[in-house]
Amino acid sequence: MAKEVLLDDLNTQQKEAILHSKGPLLVLAGAGSGKTRVITHKFAYLAKKKKTNPDSIFTVTFTNKAAAEMKSRISNLIDDDMRSSWIGTFHSQCNKILRKEIKALGYKPDFTIYDDDDQGGLIRHILREFKIYEALYKGVVARISNLKSSLVTPEQFLSEGDGYSFDEKLGRVYLKYTEDLKRCNALDFDDLITLTVKLFIENPKILEKYQQMYSYFLVDEFQDTNQAQYKLMQTLASKNRNICAVGDDDQSIYGFRGADVSNILNFEKDYPNATVIKLEQNYRSTQNILDASGAVISKNTARKSKKLWTDQGEGEKVSYCILQNEDEEAKYVSRIIKDFYLRGSFEYNSFAILYRTNMQARALEDALRADGIPYNVISGISFYHRKEIRDVLSYMRLITNNSDNVSLRRVINSPARGIGASTLAKIEQEAKKNSLSLFEAIDVIVKTTSVPQSMKDKLNGFTQIIKKLAAKNFKSSAEMLKEIIEQTGYIDELEDERIQNILELVSSAEGIPVKDFMDRVSLASSTDNLSDGPAVSLMTLHSAKGLEFPVVFMVGMEEGILPYFKAMKNPTELQEERRLCYVGMTRARNILCLTSVKRRKLYSRVQDQEPSRFLLDIPKEHCKCIEKIQKKIETPKNIIKPTPKKPAALYIVGSRVKHPSWGVGIIRDCSGDGEDTKVTVNFSGVGIKRLCARFANLEKI
């Protein structure tokens with residue numbers, strides 16, 4: 001592919017970023033400025049024009065979906081299969097390295113990857129063992145995760161603290177958790193990064209091997225890296241320093257997960273000879289949206305200045321509506337969405353409703369349901385987090401890794417085998433006494449202890465199933481899953497819906513080797529498979545990162561919600577709340593609607609609300625304000641709504657009809673009963689028509 005083709009349809013700054021191929025480069029990519037296009041074309045340019053081996057370009061991003069999109073785009077650009085390339089998330093890249101090299105750290109290559117639920121289960125077990133209040137486990141998990149992402153080991157924490165508040169109990173739990181993970185030959189998500197860093201620091205020859213393997217490093221979403229991820233890239237790139245960091249400090253919103261915005265802000269200090277290129281032309285939003293969001297983010301002090309512009313015109317002003325309460329707010333948003341839809345302006349999947357906290361979704365869902373509007377709530381329960389799926393996958397993990405105590409605890413009595421908590425406690429004691437895995441401890445109990453023979457038979461029956469399956473050489477993951485289902489009898493007493501979920505899992509595993517499938521499942525994200533169906537999207541502002549929609553509603557623009565009340569007294573956290581607001585605003589392509597309420601029910605009590613301080617930063621010339629304080633209209637209880645007559649059943653919203661003159665159309669709305677039925681139809685040739693059904697002569701098709 002010629003150099004000219006690779007640079008087609010790119011602006012001057014994008015071309016400059018792509019052509020830079022030697023030494024450190026920081027690309028400050030403003031919202032909607034085409035950063036993915038720059039990364040993919042830069043990869044293709046290095047591979048084609050600079051004759052760089054594609055397998056030597058180490059490319060990392062933060063989601064599986066983004067990595068898959070990159071692979072697909074690059075594959076089309078260079079006409080090469082990217083399946084074996086080093087393009088992936090931080091976690092998947094480190095997993096590939098550790099599968100080959102982790103023996104150097106005293107682990108086995110077939111380690112299990114624990115997700116958040118597994119991690120929480122193990123922490124809860126340790127808290128019970130230490131007689132610490134078990135309900136604290138979420139906070140303990142978060143603290144340990146932050147310590148790991150900051151490269152603070154248990155030993156360091158016990159001797160030095162973390163610079164904030166020292167807690168000896170937390171230190172002991174952290175140490176025990178680390179020891180238990182290694183005993184189970186398991187890693188959590190943070191370990192994938194931190195142990196790779198440890199591997200390179202403690203094994204210079206292994207580090208040198210990978211430094212020679214990679215000739216260039218591309219890092220997407222650089223503003224979201226934590227200290228461990230930054231250290232990983234800094235260590236790998238320390239030899240040739242050919243690192244390109246692409247990101248936007250204005251979109252750093254994951255501080256609560258350990259992301260450190262100073263990594264991108266201090267890049268030039270760490271790489272004094274770095275070239276810095278700003279991408280300021282926006283290809284997503286109208287100028288009014290850019291100017292309004294730009295005015296909000298400009299109030300942050302810790303940022304690199306950018307002025308986004310577009311050639312797509314001014315567009316509509318940002319609208320701001322004040323309502324009485326959360327129910328009126330939800331009804332207003334739903335009514336606007338339906339109005340746009342009925343006019344044929346947008347389909348339902350063009351709309352997104354963004355909110356700061358999940359508790360705001362309830363009123364919105366109620367209003368959308370009442371108006372018959374389809375919707376999807378993003379970041380609900382992931383398919384892989386359903387109980388039946390986790391149970392079957394835990395069998396897989398225990399079969400491939402008998403040391404996995406977390407998986408054993410999950411499935412030893414699922415389905416029910418009569419192995420209760422008291423028996424499991426005996427197994428735990430035996431394992432602790434002899435430094436064994438739970439699986440090994442069961443064998444000891446069965447052979448040597450005074451446990452009743454009936455219980456020995458049950459325990460032996462369980463371990464024999466696992467051993468029998470472990471001895472088989474399965475051709476694919478689907479084959480293994482089918483055997484697990486058959487041998488364990490797991491689905492015998494499940495209802496149909498759960499059985500269908502398991503069958504879907506089996507279907508997705510066809511033709512995939514067991515280890516590859518388990519890694520894929522372990523590294524899956526709940527946002528990897530967002531629905532593209534005809535429905536309104538509801539999600540938190542954090543979940544909206546990286547997405548875009550023609551029409552965006554940001555609800556709850558109030559003090560205490562956005563910015564969140566916990567961040568209002570902390571200048572650093574307040575700046576992140578402002579960035580979160582900016583991210584939400586820049587998801588909109590054509591129309592951005594902001595709403596707030598006078599009174600809101602929060603934590604079981606109704607309280608007065610003040611408009612968000614961020615609203616005050618939006619210049620009046622880019623925003624129109626609407627105040628809708630409406631009286632609540634109630635239907636008297638003694639009035640019963642009439643049942644629609646049968647003729648109206650012909651006209652169902654979304655169905656197709658044919659008119660003798662205007663042709664085929666889609667029904668957008670239907671009201672009235674019997675002979676008074678009126679329908680709104682969108683005809684492809686003539687547009688929206690509102691008709692009286694008895695005179696319209698419509699034919700259902």
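Numerical summary
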read-out	value
Relative contact order (%) - criterion: Cα under 8 Å, at least six apart; region: region 135-264	27 percent
Percent of Cα-Cα distances greater than 19 Å, calculated over region 554-630	40 percent
Paired Rg and Dmax values of region 59-176, which use every Cα atom, in angstrom	18.7, 59
Charge tally in the Cβ shell below 9 Å around GLY247, where Lys, Arg are +1 and Asp, Glu are -1, GLY247 excluded	-4
Radius of gyration and maximum dimension Dmax of region 120-194, Cα, Å	11.5, 31
Debye equation applied to the C-alpha atoms of region 119-263, log10 I(q)/I(0) at 0.12, 0.14, 0.17 Å⁻¹	-0.57, -0.76, -1.02
Cleavage-rule hits (trypsin sites (Lys or Arg not before Pro)) in region 298-340: DSSP loop, at most 16 neighbouring Cβ within 10 angstrom	LYS299, LYS304, LYS307
About the Cα centre, charge dipole magnitude for region 384-503 (Lys/Arg +1, Asp/Glu -1 at Cβ), debye	440 debye
Listed residue pairs exceeding 19 Å between alpha carbons, taken from LYS22/LYS307; LYS231/LYS269; LYS71/LYS96; LYS22/LYS48; LYS475/LYS515	LYS22/LYS307
Phi to ³J(HN,Hα) by Karplus 6.51 cos²θ - 1.76 cosθ + 1.60 over region 407-420, Hz, x for Gly, Pro	5, 4, 4, 6, 10, 4, 10, 9, x, 4, 10, x, 9, x
Value of [θ]222 nm, deg cm²/dmol, for the chain, DSSP H segments ≥ 4, -39500 (n - 2.57) each, nearest 500	-13000 deg cm²/dmol
Relative contact order of the chain, pairs being alpha-carbon contacts under 8 Å that are 6 or more residues apart, as %	16 percent
Between helix 387-400 and the chain: long-axis angle, C-alpha atoms, 0 to 90°, nearest 10	30 degrees
Under 5 Å, built H, 5+ apart or other chain: amide partners of GLY560	PHE565
Candidate lysines - alpha carbon under 19 Å from LYS458, same-chain residues fewer than 8 apart omitted	LYS426, LYS447, LYS467, LYS468
Residues with amide H under 5 Å from that of ASN11, placed H, sequence gap 5 or more	none
Under 22 Å from the Cα of LYS338 - lysines, other chains or at least 8 residues apart	LYS317, LYS624, LYS628, LYS631, LYS632, LYS678, LYS689
Computed lengthening from ASN76 to ASN358, 0.36 nm per intervening residue step minus Cα-Cα distance	97.6 nm
Rg [Å, one decimal], Dmax [Å, integer] - region 194-331, C-alpha atoms	20.2, 66
With Cα atoms, 0 to 90° folded angle of helix 64-78 axis to the chain main axis	80 degrees
Under 15 Å, Cβ to Cβ, from LYS515 - net charge with Lys/Arg +1 and Asp/Glu -1	+3
Amide H contacts of MET82 (H built 1.01 Å from N, under 5 Å, at least 5 apart or other chain)	none
Over region 290-406, relative contact order from alpha-carbon pairs under 8 Å, at least 6 apart, %	19 percent
Largest-first principal axis extents of the Cα set of region 495-611 (Å)	56, 32, 32
Set of aspartates and glutamates with alpha-carbon distance to LYS620 below 12 Å, sequence-local pairs under 8 removed	ASP291
Using alpha-carbon coordinates, inclination of helix 438-448 to the longest axis of the chain, degrees	40 degrees
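Every number in this text was worked out from the coordinates using simple rules, so none of it is lab data. Please read all numbers here as calculations on a predicted model, not as lab measurements. Quick reminder, even Gly has a Cβ in these numbers, built from the backbone with ideal geometry, and neighbours come from all protein chains shown.
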